[in-house]
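The values are calculated or read from the model by the stated rules, or taken from the named source; none is laboratory data. Being a predicted model, the structure only gives us computed values, none of them experimental. Here the Cβ positions follow ideal geometry from the backbone for every residue, glycine too, while neighbour counts run over all protein chains shown. The accessibility values were calculated without ligands, DNA or RNA, using every heavy atom of the protein model including side chains. Shrake-Rupley method; radii C 1.70, N 1.55, O 1.52, S 1.80 Å.
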Amino acid sequence: MQKIGVFICWCGSNIAATVDVEAVAEAVKTEPNVVFSTNYQYMCSEGGQSAIRNAIAEHGLTGIVVCACSPRMHEATFRKAAAVAGLNPYMVEIANIREQCSWIHKEKSEGTEKAIILARAAVAKLNRNVPLFAGESPVIKRALVIGGGIAGIQTALDVADAGYEVDIVEKTPTIGGKMAMLDKTFPTLDCAACILTPKMVDASAHEKINLYTYSEVESVSGFVGNFTVNIRKRARAVNSDLCTGCGVCVEKCPSKSAKSEFNQGLCNRSAIYIPFAQAIPNVPVIDRDACIKFKTGKCGICEKVCTAKAIDYDQEDEIITKQYGAVVLATGFKPISMERYDEFQYAQCPDVITSLEFERICNAAGPTKGKVLRPSDHEPPKTVVFVQCVGSRATVDCGKTYCSKICCMYTAKHAMLLREKYPDTEAYVFYIDVRTPGKSFDEFYRRAVEEYGVHYIKGMVGKVAEEDGHLIVQGSDLIADKQVVIKADMVVLAAAIEPDPTARSLGTMFTASMDTNDFFTEAHPKLRPVESPTAGIFLSGLCQGPKDIPDTVAQAGAAASKVIGLLSKDKLMGNPCVAGCSEPLCNGCSSCELVCPYGAITYEDKMVIDHGVRETRRVACVNEAVCQGCGACTVTCPSGAMDLKGFTNLQIMAEVDAICR
Amino acid sequence: MHADEKRLTEIIIRTSGVNVRKCMKCGKCSATCPNFAEMDIRPHRFVSMVEEGDIAALLQSKSLWRCLSCFACVERCPRGVEPAHLIEAVRMEVVRPQGGNRLRPEAIPALLDESIPQQLIVSAFRKYSK
Amino acid sequence: MKFSYYPGCTLKTRASELDWAARAAAEALGVVMEELPEWQCCGAVYPLARDELATRLSAVRALDSAKQSNQQLLTLCSACHHVIKRVNNDMQTDADMRAKVNDYLELESPYSGETTVVHYLEMLRDAVGFDKIKERVTNPLKDRKIAAYYGCMLLRPSGVMKFDNPENPSIIEDFISSIGALPVRYPYRNECCGGYVSIEAKNISREMSKKVMSSAARRGADTIVTACPLCLYNLNENGTGEIPVVYFTELLAEALGVKAREGGLVHAC
């Protein structure tokens, strides 16, 4: 016989405004085995939790139902409170009467009726609950960081400094990411390379950090504390152990017509290349699509000139398999393609460029050695127009509905740097809003206007037309209620940013959920911002949402602290709500094995006693350490052999019956 | 807002099919409009005046007769607002009532020249008269 | 290859050379253009107001007539194409409009946008193929520098028209290459000519047509081609006059060596 207590939360007015909590408490009193019910303003507060503890002790409760917010929010809180009072935490049921009830109803009578039904269903389920006990699993004391930009580097350094091993997997030939491409950084204007490259060196020199560049994650299995990951280390065709990084091969390579990715295609690179001078590792890679040797079998110059004998055309991809306790996604971003923004003539006019291209043009190590020159004729521009929000805050076509967050600040920086270097060059910025919520950000933008004389025009550009070697920029000036036409020499588009395309496949691989824009979602938008809802997966940097460098570094550190918290444990409590197979009922059909997303189900030949008959049958077996309790197998099983602890078929049916009563 | 203007605003929103609240006031319509100089109420203001229910001024606007229906604003609006549809809806409110026609058949002969295409006369009638 | 063909009123009168040359060229290319039996004027402008019913009916009648013949509906005039294509889209996507129009027309079976509307240029590109045209050209327009003028109606709104890239189209340039001439690209080829407003304000059309024509001239064009009688009129009447404007079908007929009708090809300039 159960003795059940029911606790109804007001959630301030969140629930109480649309649900008559008193009536709910009264109504559940007649439900089977309910011996106590009450309501309270905030059940999650210390007052609420102590009410639960006291009631358990006073009434000898064997289980409790908390009618409150979503279990995603506070199930763990109430389980802990119950455990303190000596109750098995799995004897706690949550009826979600906020998100699924009070927030969606306007009429109090309707809200109350639904809350009573939800409470009734939870009681019906709890009547069939049994105490569950979690198993333990060990924690592998190593973290995997996917992405070697500033986010990944910072997370790796922080985790490694705490004494844990970290591997960074980076898909390009070098770590450094987008930050390595930048010239100066707002709002302090320190040089990006000066602050980034020492961190890159630290990461590569750290005894606890291992770099896998030019590598990608191929597959993953396992669960929090114990992931097994296959990493494909792509063949550079250069032996990293022998290479001295002298660069002679790069210099002598006769194939020099591939576009430099690092310089945003503004200049060419050789087929064997090092992305930039401070690249780490300082080992070249052969681009097989551009290499004459790989294309025709002839050439081989790099091999001839390499005194270290490091060139290896026969090198093959290598698969490395390693175990990790935690995984950090730090996959970063890229600017969106400007191909669909032909009103700005990006694809047609070489002097219409993106902000990242402008960044390379400003950079002393860039294609113009830091001189601001037009790509078309290498002449310095006399008038430059910056266009903000190109593809951001757009609900049509290939635009992004969100604000890309970094553009207002880098555009102010670009205009300021331009005016600083070339006081005779005019800079115009078309803006919809100038968004500068950050420390010293607005002051920075105002400096661009007040000290550097950048012309800020509230409005948008409608069309760019090339006429007689100039770019005729037609835009609106909403303050003056005018249409303005500016004869410019260069147009810089602040392209919206989007998650790196690799994020999607990694999200699927790691079951890390994503939003409609392919940004990784956090376990809680405010309270758990650096964790994925999937245990053991953490988020660092722009892959979670647009952010600038200071925010990225802060988040990278936060992710590291969560990783350290996990790796510092020797064992993890598992989830006892896992699937199990009733062997006499199993017909060996393999349906469950096929739907299981975690590979937790295998089939084995076992001795089964069915109606007194002993025979050997092929039956399903669940690896409880791998099972995540998703329940896919239970709904797939045609014979009802599969059941999920904590969510048994009987429990679910009891809930349905209670609702339909 | 005047009761009549409120009624008109509703009609204009209904016949245009435009959700004026989607406008984020970026001004790309006015940046784009090839006939901006001839519009007394510019496209971006036209949208916000419908939003504000300031219809009386729109009914008097020269812009009604100067919008070319070239759809450049519709094409380039990042929020899918369709300013040209609003202008058409207001123009309908002017030409639909009796006596509202701007172009009358009697006026046509004087406008004709040797090469004027029928298309011009028909389209002008459709835009300026009912 | 057989299409139902909607010529439209202007092609029967002022723009007869647009029509005549198109038919002659089609014949040479093995394309049959079967004129709809009882077509009516499309209204020349698409009714933007959603409560406009009567002004959509003639387009629906034409669309339904093509449906009865089980043929795609071929258009030529930019304005007709614009109106018919957009009304067809309404019939496909706007259930309310579809119900009202069908209630009113009482067709044998309700029309729900089944007909595919094809512009003559799309027919050349997709059904015939520009490569094929290149092979058939007997009189390539060598050394001619021709600027395409798209105007508005073919391109916008691109979501419905689905004709070409609205900001950087290429179909007419590809057509120009196929008849052996050199296409001249210039930035104002998709800007408005002044449209119907020129009925009462020629000054507006003058501004715009000059911008278009002088831009093409600066890029060295010797001819401008268009598919729209109103564009042609505005550019010729209100442009700078420095470049002749002709219909693209006239050049196609010329390149295919189609015999000129009595009196020769009539150029509107």
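Summary table
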{"quantity": "For residues of A:452-461, the mean tally of beta carbons on other chains within 10 Å", "calculated": "3"}
{"quantity": "Accessible solvent surface per residue of chain B, calculated while the other protein chains remain in place, 1.4 angstrom probe, Å²", "calculated": "41 Å²"}
{"quantity": "Distance from segment A:325-350 to segment C:36-67 (C-alpha centre basis), Å", "calculated": "43 Å"}
{"quantity": "Rounded percent of accessible protein surface that carbon and sulfur make up, chain A, 1.4 Å probe", "calculated": "53 percent"}
{"quantity": "Descending semi-axes in whole angstrom, ellipsoid equivalent of segment A:336-498, from the Cα gyration tensor", "calculated": "21, 20, 17"}
{"quantity": "Subset of A:463/C:211; A:369/A:421; A:178/A:199; C:85/C:162; A:199/A:371; A:405/A:547 violating a 18 Å alpha-carbon distance limit", "calculated": "A:199/A:371"}
{"quantity": "Volume of the Cα convex hull of segment A:579-645, divided per residue and given in Å³", "calculated": "75 Å³"}
{"quantity": "Calculated [θ] (222 nm, deg cm²/dmol) that DSSP helices of n ≥ 4 give over the protein assembly as shown, each run adding -39,500 (n - 2.57)", "calculated": "-10000 deg cm²/dmol"}
{"quantity": "Potential extension, residue A:606-residue A:282 segment - 0.36 nm per residue separation minus Cα distance", "calculated": "111.0 nm"}
{"quantity": "Peptide-level mean, for A:481-490, of C-beta atoms on other protein chains within 10 Å", "calculated": "2"}
{"quantity": "Charge dipole magnitude, Cβ of K and R +1, D and E -1 - the protein assembly as shown, Cα centre, debye nearest 20", "calculated": "800 debye"}
{"quantity": "Average projected area [Cα convex hull, the protein assembly as shown], square nanometres", "calculated": "54.1 nm²"}
{"quantity": "Buried accessible area, chains A and B (both chains, 1.4 Å probe, Å² to nearest 100)", "calculated": "1600 Å²"}
{"quantity": "P(r) weight above 23 Å for segment C:85-228, C-alpha pairs, percent", "calculated": "50 percent"}
{"quantity": "Normalised contact order of segment C:22-122, rounded percent, pairs of Cα under 8 Å and 6 or more residues apart", "calculated": "30 percent"}
{"quantity": "Net charge, residue A:73 excluded, C-beta distance under 12 Å - Lys, Arg +1, Asp, Glu -1", "calculated": "+2"}
{"quantity": "Relative packing of A:611-624, C:178-191, which averages over residues the other C-beta atoms within 10 Å, highest first", "calculated": "C:178-191, A:611-624"}
{"quantity": "For segment B:3-96, the spread of Cα positions along each principal axis, largest first, Å", "calculated": "33, 25, 17"}
{"quantity": "Where a label projected 7 Å from the Cα of residue A:58 along Cα→Cβ would reach, residues of segment A:71-105 with amide N under 16 Å", "calculated": "A:85"}
{"quantity": "Chains A and C together, accessible area buried on both sides, 1.4 angstrom probe, square angstrom", "calculated": "900 Å²"}
{"quantity": "Spin-label pair residue A:304/residue A:230, simplified geometry with 7 Å Cα→Cβ offset, distance in nm", "calculated": "4.0 nm"}
{"quantity": "Buried area at the B-C interface (accessible, heavy atoms, 1.4 Å probe, summed, Å²)", "calculated": "3800 Å²"}
{"quantity": "Per residue value of the accessible surface for segment A:10-159 (all protein chains in place, 1.4 Å probe), Å²", "calculated": "42 Å²"}
{"quantity": "Nearest-10 value in Å² for the accessible area of residue A:67, using the 1.4 Å probe", "calculated": "0 Å²"}
{"quantity": "Pairwise FRET efficiency - residue A:256 versus residue A:318, Cβ, R0 = 35 Å, nearest 0.05", "calculated": "0.75"}
{"quantity": "DSSP bridge orientation in chain A - percent antiparallel, rounded to nearest 5", "calculated": "55 percent"}
{"quantity": "Cβ-Cβ FRET estimate between residue B:10 and residue A:527, R0 fixed at 41 Å, reported to 0.05", "calculated": "0.40"}
{"quantity": "All-pairs alpha carbon distance profile, segment B:24-72, 5 Å steps from 0, percent", "calculated": "5, 23, 32, 24, 15, 1"}
{"quantity": "Accessible surface, 1.4 Å probe, highest first, among residues A:573, A:409", "calculated": "A:573, A:409"}
{"quantity": "Principal axis dimensions, segment C:1-41 - Cα atoms, whole angstrom, descending", "calculated": "27, 20, 8"}
{"quantity": "Cα centroid separation - segment A:218-249 against segment B:1-50, whole Å", "calculated": "58 Å"}
{"quantity": "Residue-span extension gain [residue A:76 to residue A:246] - 0.36 nm each, minus C-alpha spacing", "calculated": "55.5 nm"}
{"quantity": "Å² of accessible area per residue within segment C:130-255, as computed with a 1.4 Å probe and no ligands counted", "calculated": "32 Å²"}
{"quantity": "Mean Cβ count within 10 Å, highest first, over the residues of peptides A:180-187, A:501-508, A:430-437", "calculated": "A:180-187, A:430-437, A:501-508"}
{"quantity": "Accessible surface ranking that places the most exposed of A:195, A:52, A:116 first, with a 1.4 angstrom probe", "calculated": "A:195, A:116, A:52"}
{"quantity": "Mean shadow area of chain C, taken as a quarter of the surface of its Cα convex hull (nm²)", "calculated": "13.7 nm²"}
{"quantity": "Under 16 Å from the Cα of residue C:259 - aspartates and glutamates, other chains or at least 8 residues apart", "calculated": "C:17, C:19, C:27, C:250"}
{"quantity": "Length released on extending from residue A:467 to residue A:134, taking residue separation times 0.36 nm less the Cα-Cα span", "calculated": "112.6 nm"}
{"quantity": "Residues of segment A:249-286 with amide N under 16 Å of the 7 Å Cα→Cβ point at residue A:334", "calculated": "A:259-266"}
{"quantity": "Cα coordinate range in segment C:2-120, projected on the principal axes (Å, largest first)", "calculated": "43, 27, 21"}
{"quantity": "Net dipole in debye of segment A:222-336 [+1 Lys, Arg Cβ; -1 Asp, Glu Cβ; about Cα centre; nearest 20]", "calculated": "280 debye"}
{"quantity": "Greater than 28 Å apart at Cα, pairs in B:127/C:2; A:256/C:145; A:334/A:482; A:233/A:309", "calculated": "B:127/C:2; A:256/C:145; A:334/A:482"}
{"quantity": "Estimated Rh, segment A:307-367: Kirkwood, alpha-carbon pairs, angstrom", "calculated": "17.0 Å"}
{"quantity": "Test item: B:62-68 mean partner chain Cβ contacts at 10 Å", "calculated": "3"}
{"quantity": "Cα-based convex hull, segment A:248-305, per residue volume (Å³, whole number)", "calculated": "75 Å³"}
